[in-house]
Amino acid sequence: MVDTTGAAPTSERRTERLELRVPTSPTQLPAVRAMAGDLAMRMDFDLDAVEDLRLAVDEACATLASVAQGDSPLTVVFEATRGGLRIDAWVPTAAGVDVPRDGFGWAVLHTLVDTVEAGPSNQATVPAGDGSATPVACISLIKQLRRYSTSDVLAEQPDADVSVAR
């Protein structure tokens with residue numbers, strides 16, 4: 001589902017929201033990874049950032065699938081803005097279940113995206129929740145869209161040669 005409400009002024013890109021619900025089975029999680037990659041490419045992320053997002057979404061979804069209650073679906077909400085991509089993923093859990101934040105997978109998430117947050121919540125507070133107090137485990141990822149210009153290069157490398165051969 002795409003949310004087309006709240007359009008920004010014509011000079012700015014409006015926030016677009018896409019919600020995806022899939023079973024937490026290993027055969028369905030690649031669809032979420034593919035969606036993240038497709039959105040990142042359409043937003044003009046560079047190839048490395050696209051792959052970083054794919055891997056981060058894959059790791060986040062696998063982590064959430066490991067704590068999901070029964071055969072509950074995984075819900076992923078993508079919000080594309082002018083500045084980047086925010087991804088909120090969550091699954092219903094038993095009360096008191098938290099997202100594991102130790103181990104290699106968590107370290108990988110921190111290196112692939114600009115911001116990662118995780119923890120227990122409920123359906124009243126997560127994007128695309130049903131408003132109930134049902135407990136969920138949630139992981140939120142943010143990847144900033146970096147646009148480079150000549151002035152950016154000069155700011156980072158004052159001695160850089162940015163001339164163009166004619």
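State all residues of segment 39-63 that are within 21 Å of Thr15 (Cβ to Cβ) and among the basic types (Lys, Arg); if no residue qualifies, say none.
Arg42
Kindly indicate whether any position in segment 19-38 is modelled with pLDDT of 95 or more and farther than 28 Å from Thr93 by Cα.
Looking through segment 19-38, at least one residue is modelled with pLDDT of 95 or more and farther than 28 Å from Thr93 by Cα.
Picking from Ala56, Ala49, which residue would you name as being among the small types (Gly, Ala, Ser), within 14 Å of Leu29 (Cβ to Cβ) and out of contact with any His (no Cβ under 9 Å at 6 or more places or on another chain)?
Sole residue among the options that is among the small types (Gly, Ala, Ser), within 14 Å of Leu29 (Cβ to Cβ) and out of contact with any His (no Cβ under 9 Å at 6 or more places or on another chain): Ala56.
Going by the conditions given, is Ala118 under 11 Å from the mean Cα position of the chain (by Cα), modelled with pLDDT of 95 or more and buried (at least 19 other Cβ atoms within 10 Å of the Cβ)? Show your work before the answer.
Numbers: under 11 Å from the mean Cα position of the chain (by Cα): no; modelled with pLDDT of 95 or more: yes; buried (at least 19 other Cβ atoms within 10 Å of the Cβ): yes.
For Ala118, the condition - under 11 Å from the mean Cα position of the chain (by Cα), modelled with pLDDT of 95 or more and buried (at least 19 other Cβ atoms within 10 Å of the Cβ) - is not met.
Just to verify a result, which residue in segment 74-107, among those that are over 19 Å from Ala62 (Cβ atoms) and among the charged types (D, E, K, R), is nearest to the chain's Cα centre (by Cα)?
Here the residue is Arg86.
Restrict the check to segment 2-11 and report whether at least one residue is outside any loop (DSSP other than H, G, I, E, B), modelled with pLDDT of 95 or more, of a type outside the set (Val, Ile, Thr) and within 23 Å of Val136 (Cβ to Cβ). Talk me through it step by step, then tell me what you get.
In the first step, residues of segment 2-11 are kept if they are outside any loop (DSSP other than H, G, I, E, B); the result is 2-3.
If we keep only those that are modelled with pLDDT of 95 or more as well, we get none.
No.
Check Val57, Val77, Val50 and return the single one that is over 16 Å from Asp114 (Cβ atoms) and buried (at least 18 other Cβ atoms within 10 Å of the Cβ).
Working: Val57 fails: over 16 Å from Asp114 (Cβ atoms); Val50 fails: over 16 Å from Asp114 (Cβ atoms).
Val77 is the lone residue from the list that is over 16 Å from Asp114 (Cβ atoms) and buried (at least 18 other Cβ atoms within 10 Å of the Cβ).
How many residues does segment 119-143 contain that are farther than 16 Å from Ile87 by Cβ and either in contact with a Cys (Cβ under 8 Å, 6 or more places away or on another chain) or hydroxyl-bearing (Ser, Thr, Tyr) (or both)?
Applying the first criterion (farther than 16 Å from Ile87 by Cβ) to segment 119-143 yields 120, 122-125, 130-135.
In the following step, the residues that additionally are either in contact with a Cys (Cβ under 8 Å, 6 or more places away or on another chain) or hydroxyl-bearing (Ser, Thr, Tyr) (or both) were identified as 120, 125, 132, 134.
Number of matching residues: 4.
The values are calculated or read from the model by the stated rules, or taken from the named source; none is laboratory data. None of the values given here were measured: they were computed from a predicted structure. Neighbour counts run over all protein chains shown; Cβ positions are idealised from the backbone, glycine included.
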